[in-house]
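**Student:** Encoded as structure tokens, here's the structure I'll be asking about.
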Amino acid sequence: MKLDSSVAAVVTGGASGLGAATSRALAAQGVKVAIFDFNEEKGEAIAKEIGGVFCKVDVTSDELVDAGFAKARAAHGQERILVNCAGTGNAVKTAGRDKKTGEPTHFPIDAFNRIIQINLVGTFRCIAKSAQGMLSLSPLEHGERGAVVNTASVAAEDGQMGQAAYSASKAGVVGMTLPIARDLMAEGIRVNTILPGIFNTPLLQGAPENVKAALSASVPFPKRLGMPEEYAQLALTMITNGYFNGEDVRLDGAIRMAPR
């Protein structure tokens, strides 16, 4: 797919981190970008910076996702590109002991479900609704109508202690990539997923320097945190390379996560 002003894109979680870098990278190619995010202040700022449109969206809500797509399409037309970066995480052991009382505890089920709803179901919700819209588009060269890029994590394959919910949600994104690509193959819509390692996103930028140094040292090569722009570069490759389909690709400096 050629990237220019004739193409519209939606980036979920586009107000910060990996999503913001991807929004900027797409806009730099002339693409009309709509940012889906729950952070109105940051989302409006990024949209203004790149000449895009901000849509306040919670990916766990059908109504808000529908409203977001309606606003984005009213501004830019039907999107050919969807990049799913919206997500969150937590860290709770499946079962353990209360640090104060020593009493046995377990991972709160509602907290587990929240991660699944945002990272996995939210991603699928946006794919399904975006792909439905893409079906209305005329095919480009070689029959292509659109491209989807999802964000999983290396935790999908080697999750650490306390990451049961996060790892399950991201493994689900990996697991559904090929079936969705097969569901949409007859309509010319490609689907791929990136599994980032340890990236220098807002989640880590506030960490102490010694923590960031230790994390950087754990990466085989290069011994540093990944940059959001490197994620965006791979996302654009997945979008522009027409033979890239049904793939899950680690972007991690060859790291394999230790148990803790």
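**Student:** Only one of ALA86, ALA70, ALA21, ALA75 is assigned to a loop (DSSP other than H, G, I, E, B) and aliphatic (A, V, I, L, M). Can you tell me which?
**Tutor:** Result: ALA86 is the single residue among ALA86, ALA70, ALA21, ALA75 that is assigned to a loop (DSSP other than H, G, I, E, B) and aliphatic (A, V, I, L, M).
**Student:** In addition: Of all the residues that make up region 192-225, how many are among the aliphatic types (A, V, I, L, M), over 19 Å from the mean Cα position of the chain (by Cα) and assigned to a loop (DSSP other than H, G, I, E, B)?
**Tutor:** Residues in region 192-225 being among the aliphatic types (A, V, I, L, M), over 19 Å from the mean Cα position of the chain (by Cα) and assigned to a loop (DSSP other than H, G, I, E, B): 2 in total.
**Student:** Another question about this same structure. So which residues in region 134-148 are surrounded by 19 or more Cβ atoms within 10 Å (Cβ to Cβ) and in contact with an Asp or Glu (Cβ under 8 Å, 6 or more places away or on another chain), if there are any at all?
**Tutor:** If the condition is that a residue be surrounded by 19 or more Cβ atoms within 10 Å (Cβ to Cβ) and in contact with an Asp or Glu (Cβ under 8 Å, 6 or more places away or on another chain), then MET134, ARG145, GLY146 are the ones that fit.
**Student:** Evaluate region 156-171: report whether one residue or more is surrounded by 19 or more Cβ atoms within 10 Å (Cβ to Cβ), basic (Lys, Arg) and either in contact (Cβ under 8 Å) with a residue 24 or more places away in the chain or more than 18 Å from ILE239 (Cα to Cα) (or both).
**Tutor:** yes
**Student:** Looking at this structure, is ARG125 touching a residue at least 60 places away in the same chain (Cβ under 8 Å), assigned to a helix (DSSP H, G or I), basic (Lys, Arg) and surrounded by 15 or more Cβ atoms within 10 Å (Cβ to Cβ)?
**Tutor:** Answer is yes for this residue.
**Student:** Spot the failing condition for ARG97; the list is (1) more than 20 Å from ILE189 (Cα to Cα); (2) in contact (Cβ under 8 Å) with a residue 60 or more places away in the chain, and only one is missed.
**Tutor:** (2)
**Student:** With respect to ILE118, is the statement that it is under 27 Å from ILE255 (Cα atoms) and either touching a residue at least 24 places away in the same chain (Cβ under 8 Å) or under 16 Å from the mean Cα position of the chain (by Cα) (or both) true?
**Tutor:** Yes, satisfied.
**Student:** Picking from VAL10, VAL53, VAL65, which residue would you name as being farther than 22 Å from GLN233 by Cα and among the β-branched types (Val, Ile, Thr)?
**Tutor:** Just one listed residue meets the conditions, VAL65.
Yes/no per residue for (1) touching a Lys or Arg at 6+ places or on another chain (Cβ under 6 Å); (2) surrounded by 14 or more Cβ atoms within 10 Å (Cβ to Cβ); (3) charged (D, E, K, R):
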| site | (1), (2), (3) |
| --- | --- |
| LEU26 | no, yes, no |
| LYS32 | no, yes, yes |
| VAL57 | no, yes, no |
| LYS71 | no, yes, yes |
| LYS93 | no, no, yes |
| LYS99 | no, no, yes |
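**Student:** I'd like to check something: does region 80-96 contain any residue that is touching a Pro at 6+ places or on another chain (Cβ under 8 Å) and of a type in the set (A, V, I, L, M)?
**Tutor:** The answer is yes, given that some residue of region 80-96 is touching a Pro at 6+ places or on another chain (Cβ under 8 Å) and of a type in the set (A, V, I, L, M).
**Student:** Further question: If the requirement is being part of a loop (DSSP other than H, G, I, E, B) and within 30 Å of GLY242 (Cβ to Cβ), which of these qualifies: LEU120, LEU137?
**Tutor:** On the way: LEU120 fails: part of a loop (DSSP other than H, G, I, E, B).
After ruling out the rest, the residue left standing is LEU137.
**Student:** Looking for whichever is under 15 Å from the mean Cα position of the chain (by Cα), assigned to a strand (DSSP E or B), closer than 22 Å to ALA128 by Cα and not charged (D, E, K, R) here; the options are ALA171, ALA235, ALA147. Which one fits?
**Tutor:** Among ALA171, ALA235, ALA147, only ALA147 is under 15 Å from the mean Cα position of the chain (by Cα), assigned to a strand (DSSP E or B), closer than 22 Å to ALA128 by Cα and not charged (D, E, K, R).
Just so you know, all these numbers are worked out from the coordinates, no wet-lab data involved. Predicted model only: the values in this text are computed from it and were never measured. All Cβ positions, even for glycine, are placed from backbone atoms using ideal geometry, and neighbour counts span all protein chains on display.
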